[in-house]
Amino acid sequence: IVLLFAARTAVVRSAPQTASLYALVGLPVNLRGIEFEGVKTAMLVENGVPVLIVEGFIRSLAATPTVIPRLRVSVRDEKDTEIYNWTAVVTREALPPGQSVPFRTRLASPPEAGRSVVVRFLLRRDMVVASR
């Protein structure tokens, strides 16, 4: 049991479904080594067009430089169903240990049914290519 807690990063890396169990007992595991901080949204009107602004910081938790993947931003409705998404690129490709970098992305004419925004790092499964 001690090994399961001491080596929880290795456990989650080999069995990702265990991450929720660790988080449930107050020991979250961050495999990327980076996290979001201070994420805020704002609505502006520019030239008569509503614009959704999403901004915040990405902070390094790792002991080595960490590559920053693209961001996936989604707008959700009142039932927490995703109704629109887009990707964004951070201004830096990698983040040195202990540093942070700001990010900012915008969406012109966001869906009127939008009630919340979720920002996460783009996953491989998000990059599905359809071909015919």
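The values are calculated or read from the model by the stated rules, or taken from the named source; none is laboratory data. What you see is a predicted model, and the numbers here were worked out from it, not measured in a lab. All Cβ positions, glycine included, derive from the backbone under ideal geometry; neighbour counts span all protein chains shown. Quick note on the areas: whole protein, heavy atoms, side chains included, nothing else; ligands and nucleic acids left out. Shrake-Rupley method; radii C 1.70, N 1.55, O 1.52, S 1.80 Å.
General observations
- Selected residue [of a type in the set (Val, Ile, Thr), more than 22 Å from Glu35 (Cβ to Cβ) and open to solvent by less than 50 Å² (accessible area, probe 1.4 Å)] from Val117, Val51, Val45: Val51
- Scoring Val89 on the criteria (1) open to solvent by 60 Å² or more (accessible area, probe 1.4 Å); (2) more than 28 Å from Thr9 (Cβ to Cβ) leaves a single failure, condition (2).
- Here Glu35 does not fit the description of being acidic (Asp, Glu) and free of Cβ contacts under 8 Å to residues at least 24 places away in the same chain.
- Residue match in region 98-108 (condition: among the aliphatic types (A, V, I, L, M), open to solvent by less than 50 Å² (accessible area, probe 1.4 Å) and in contact with an Asp or Glu (Cβ under 8 Å, 6 or more places away or on another chain)): no
- Restricting region 98-114 to residues that are at pLDDT 95 or above and closer than 16 Å to Ile34 by Cα, the residue that is nearest to the chain's Cα centre (by Cα) is Phe103.
- Picking from residues in region 57-90 that are in contact with a Phe, Trp or Tyr (Cβ under 7 Å, 6 or more places away or on another chain) and not in a strand (DSSP E or B), the one that is farthest from Leu107 (Cα to Cα) is Pro69.
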